[in-house]
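Written out below as structure tokens is the structure these notes cover.
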Amino acid sequence: MEVPSEVNRIAWLIKTMRVRGAARIARAAAYAMKVAALSYKGGSLGDYISYMKSNASVLTSTRPSAVSLHNAVRYVMNRVLRAQSVEEGVKSAVQAADNFISMSLSSVKIISEYGSRLIEDGDTILTHCNSSLALSIIKAAHKGGKKLKVYATETRPRFQGLITYNDLINAGVPTILIPDSAVRYFMKDVDKVIVGADTVAANGAVVNKVGTSLIALAAHEARVRFYVAAETYKFSPATVLGELVEIEERGPEEVLLSNYISIAKSFKVRNPAFDVTPPEYIDAIITERGILPPKAASMILLEDYGVEISEELNKITLDVDESLP
């Protein structure tokens, strides 16, 4: 059975960034897996599992750096693989997708409450890109009566910062849009930096929209606290095993002005979507389980994926000279 058109449509929306933001992407992927399960017609359990794996592959190929997407799909597939019948498999997929979406939405509320406590009345906050979690924290602090000012970066080349600016202005939060390259200039006026994350590695390093690591460096230099808001499903279990997070590179048309697109092939353009911020530049990661030091990421991963990680480690073999005693 082919991948349903609705799943392909959701995959296209994710790939083309019509759906953006790690949490929204994860929820969209979980919903797509639910659609796939409900669309399955007949066949054996083996056929159903193969079909669901095909749907999972289509979704995970859209954004290789967004571990939230991969973990959302994994969350559903882990339950599908335990099924003893097609009926049980469909039911498990639907239930898992609904549970994941509910968990994701409730995490936003909890994280916004934790994060807003870190903000003091009169603070000036700097944020980068368009993180629903970072914005939920800022808006929760504002709603709680704290007077704030926000600097929002443009976030080139796709200008997600414009979405952030409009969101905060509509919420009544005084916000100023600044060029990405002006971050160091304004850092002297900033009290705290709050950003989101696409992936958190086992060592506490954070993969987020390109430019984040430069902001962290400027904050570190100015002794400004740098906070990352991330649900724990954005923590990458693969990094425990030493795998590197793949940094997605996008097309030159996002970088070049429209009048240069026709001759884009003559330009050498690299357009990484993300960069990596080292844990030593991060003061804390705000999660639904509390405010954690970056180094606690490995403990969260072992707690959530310990069995899977052990199984993977057992698959690793060493080249041994059998002639040795």
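Here are the numbers for the structure shown:
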item: Given (1) closer than 21 Å to T127 by Cα; (2) modelled with pLDDT under 95; (3) among the basic types (K, R), index of the condition R225 fails; result: (2)
item: Whichever residue in the stretch 204-217 is touching a Pro at 6+ places or on another chain (Cβ under 6 Å) and among the aliphatic types (A, V, I, L, M) and, among such residues, is most open to solvent (accessible area, probe 1.4 Å); result: V210
item: Strands (runs of 3 or more DSSP E) enclosed by the stretch 103-203 - at least 1 residues per element that are on the phi > 0 side of the Ramachandran plot and open to solvent by 10 Å² or more (accessible area, probe 1.4 Å); result: none
item: Looking only at the stretch 228-267, and only at residues there that are at pLDDT below 85 and touching a Leu at 6+ places or on another chain (Cβ under 6 Å), the one that is surrounded by the fewest Cβ atoms within 10 Å (Cβ to Cβ); result: A264
item: Restricting the stretch 57-83 to residues that are open to solvent by 10 Å² or more (accessible area, probe 1.4 Å) and of a type in the set (G, A, S), the residue that is nearest to the chain's Cα centre (by Cα); result: S61
item: Any hit, the stretch 2-23, residues being free of Cβ contacts under 8 Å to residues at least 60 places away in the same chain, in a helix (DSSP H, G or I) and over 28 Å from S131 (Cβ atoms); result: yes
item: Candidates G172, G251, filtered to the one that is farther than 30 Å from A72 by Cα and in contact (Cβ under 8 Å) with a residue 12 or more places away in the chain; result: G172
item: Any hit, the stretch 84-99, residues being in contact with a Lys or Arg (Cβ under 7 Å, 6 or more places away or on another chain), open to solvent by 10 Å² or more (accessible area, probe 1.4 Å), touching a residue at least 60 places away in the same chain (Cβ under 8 Å) and within 29 Å of E254 (Cβ to Cβ); result: no
item: Any hit, the stretch 218-225, residues being among the β-branched types (V, I, T) and open to solvent by less than 30 Å² (accessible area, probe 1.4 Å); result: yes
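The values are calculated or read from the model by the stated rules, or taken from the named source; none is laboratory data. Model, not experiment: these values are computed from the prediction. Quick reminder, even Gly has a Cβ in these numbers, built from the backbone with ideal geometry, and neighbours come from all protein chains shown. Each accessible area value is taken on the protein alone, full model and side chains, heavy atoms only, with ligands, DNA and RNA left out. Shrake-Rupley method; radii C 1.70, N 1.55, O 1.52, S 1.80 Å.
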